[in-house]
Amino acid sequence: MTSLAYGHHFTLNNIPYGVASSPTHGQQCVTRLHNTVIFLGTLQRGGFFDAISDLPNDVFTEDTLNTFAALSASVHGAVRARLQSTLQSGTGSLPASTTASITDVTMHLPVSVGAFTDFSCSLNHVRNAGRAILNDPSPPPGFFHFPIGYGGRASTIVVSGTPINRPKGHFYDRSNPTPKTVVYGPSRALDYEMELGAVIGRPLGPGKGVHAKDAENHVFGFVLLNDWSARDIQGLEMIPLGPLNGKAFNTSISPWIITIEALTPFKAAGPAPQATLPAHLQEEEKFNYDITMSVEILHGQESGSTTETATTIATSPAATLFWSHRQMAAHLASSGCDLRTGDILGTGTVSGEDEGSFGCLLETTKGGKESVKLTGGTEERVYLLDGDVVRMSAVVGGENSGVGFGECVGEIRRAI
């Protein structure tokens, strides 16, 4: 689970942003080069960014990235260029007081999240899930016309590494199915969902609206997002409304925001539309990014072992997402809704078509009908057990590009 393993994700081509503290640094905005964290607040107070006239004083000493994220793309570009120019030869040219090893820092939520909207942008996912639950792969009726979604619970978003307590709720007692009985207790079908989260930067006022092709001006960057899901609770409460307690207990995000500037060289074509779209949802051909995502279950400690074994459950291409981050933002704003700095728009589960590319256990186990064999023994999983650790990661353009997301991890703890 150590972040040292992901140092190659954070080269000069990346320059991500996060929020961290250390024994010698208060909580402030940071960036990362390989496995060195650079404290931007301390750097700014030393005059490092003085030549960037539109950068507010002490913007990096704040304990979230919200103020910086809301600035213009030109200011973001100037900060990125200043850092890249100085760091060409590594971090040795920076004052020692401004850097620390990734192992010596505590990462915090990178932004204050006012709202969380989770979409369902993967055609593969809705088909796989429909086949698993209803034996019908047909997508929902609105799927090809707009990115479908629901309002999530922003207050329960946590940073990677935060333990996840098994939620309690109402569900059908599957162990005694006749007659159908609703019980209350700890979820027996706890799942993960491998997603990307688009982080809103520059805000958009209520009633303004925006076209997808212009919406990127309002997106600061992306995080990994694990939309933990209690399938038994969710399955009962979604008739007839959307998810509530089956989703609202926790959502994990990775601590590093990967910026639009870092992702731009890796644009990729997405699926062609299958319906005539209104002007605000029309997109260019290359609306996705060449991001490869993966999810593992780390297990073994719950049976008394002192070591964990990692089993890769899925590897999936995000370029197959049917709807883009810009279309998500445009659709949300089309009703008159505002976009606020720090808001997160989730893509929904990123899945492929084939075995080994399904982004959640619901798909992988065919709705709980099959089990997954784990590496290194006889253990199997249908859904997550207490003690399991879920680790997600992603790279852009391949392992050698130097641009990745690091990791998003969460350990399942017993219900409280």
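For G242, are the conditions met, namely being of a type in the set (G, A, S), modelled with pLDDT under 95 and either open to solvent by 30 Å² or more (accessible area, probe 1.4 Å) or in a loop (DSSP other than H, G, I, E, B) (or both)? Give the steps one after another, and end with the answer.
Values: of a type in the set (G, A, S): yes; modelled with pLDDT under 95: yes; either open to solvent by 30 Å² or more (accessible area, probe 1.4 Å) or in a loop (DSSP other than H, G, I, E, B) (or both): yes.
Yes; evaluated as a whole, the condition is true for this residue.
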The stretch 261-282, subset part of a helix (DSSP H, G or I), in contact with a helix residue (DSSP H, G or I) (Cβ under 7 Å, 6 or more places away or on another chain) and open to solvent by 20 Å² or more (accessible area, probe 1.4 Å), residue nearest to S401 (Cα to Cα): E261
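Residues checked against (1) within 20 Å of A129 (Cα to Cα); (2) touching a residue at least 12 places away in the same chain (Cβ under 8 Å):
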position	(1), (2)
L241	yes, no
A262	no, yes
P265	no, yes
P271	yes, yes
H280	no, yes
K286	no, yes
S294	yes, yes
I313	yes, yes
T320	yes, yes
Residues (under 16 Å from A115 (Cβ atoms) and in contact with an Asp or Glu (Cβ under 7 Å, 6 or more places away or on another chain)) located in the stretch 204-220: L204, G205, P206
T378: among the β-branched types (V, I, T) and free of Cβ contacts under 8 Å to residues at least 24 places away in the same chain, yes or no? yes
Any chance the stretch 60-75 includes a residue that's closer than 22 Å to T259 by Cα, more than 24 Å from the chain's Cα centre (by Cα) and either open to solvent by 20 Å² or more (accessible area, probe 1.4 Å) or among the charged types (D, E, K, R) (or both)? yes
Pairs please, first residue from the stretch 39-57 and of a type in the set (G, A, S), second anywhere and open to solvent by 20 Å² or more (accessible area, probe 1.4 Å), Cβ atoms under 6 Å, 6+ apart in sequence or on different chains. G41/T61
Somewhere in the stretch 29-46, is a residue touching a Gly at 6+ places or on another chain (Cβ under 7 Å), in a loop (DSSP other than H, G, I, E, B) and either crowded, with 17+ Cβ neighbours inside 10 Å or modelled with pLDDT of 95 or more (or both)? yes
From the list L65, L55, L4, which residue is among the aliphatic types (A, V, I, L, M) and within 22 Å of S89 (Cβ to Cβ)? L4
Out of (1) farther than 30 Å from H8 by Cβ; (2) at pLDDT below 95, what's the single condition that is false for K373? (1)
Scan G142, G185, G169 and give me the residue that is surrounded by fewer than 15 Cβ atoms within 10 Å (Cβ to Cβ) and part of a strand (DSSP E or B). G185
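State whether the residues of the stretch 9-21 include one that is in contact with a Ser or Thr (Cβ under 7 Å, 6 or more places away or on another chain) and open to solvent by 40 Å² or more (accessible area, probe 1.4 Å). Write out each step before concluding.
Here is the first cut: in the stretch 9-21, the residues in contact with a Ser or Thr (Cβ under 7 Å, 6 or more places away or on another chain) are 13, 15-17, 19-21.
With open to solvent by 40 Å² or more (accessible area, probe 1.4 Å) added as a condition, the list becomes 13.
Scanning the stretch 9-21 turns up at least one residue that is in contact with a Ser or Thr (Cβ under 7 Å, 6 or more places away or on another chain) and open to solvent by 40 Å² or more (accessible area, probe 1.4 Å).
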Within the stretch 349-367, track down each residue that is of a type outside the set (A, V, I, L, M) and either open to solvent by 30 Å² or more (accessible area, probe 1.4 Å) or closer than 14 Å to G130 by Cβ (or both). T349, S351, E353, D354, E355, G356, F358, C360, E363, K366, G367
Report whether or not T178 is hydroxyl-bearing (S, T, Y), touching a Ser or Thr at 6+ places or on another chain (Cβ under 8 Å) and outside any strand (DSSP E or B). no
Failed condition for M107, given (1) closer than 19 Å to G342 by Cα; (2) surrounded by fewer than 18 Cβ atoms within 10 Å (Cβ to Cβ), with all others met? (2)
Here is a list of conditions, (1) part of a helix (DSSP H, G or I); (2) within 23 Å of the chain's Cα centre (by Cα), and G114 meets all of them except one; can you say which number that is? (1)
Lone qualifier among A78, A51, A100 - being part of a helix (DSSP H, G or I), among the aliphatic types (A, V, I, L, M) and at pLDDT 95 or above: A78
Which listed residue is modelled with pLDDT of 95 or more and more than 30 Å from A212 (Cβ to Cβ), from L94, L123: L94
Right, A230: crowded, with 24+ Cβ neighbours inside 10 Å and either within 23 Å of A330 (Cβ to Cβ) or not β-branched (V, I, T) (or both) or not? yes
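The values are calculated or read from the model by the stated rules, or taken from the named source; none is laboratory data. Remember, it's a predicted structure, so these values are computed and weren't measured experimentally. Every residue, glycine as well, gets a Cβ built from its backbone with ideal geometry; the counts of neighbours run over all protein chains shown. These area figures cover heavy atoms from the full protein model, side chains too; ligands, DNA and RNA do not enter into them. Shrake-Rupley method; radii C 1.70, N 1.55, O 1.52, S 1.80 Å.
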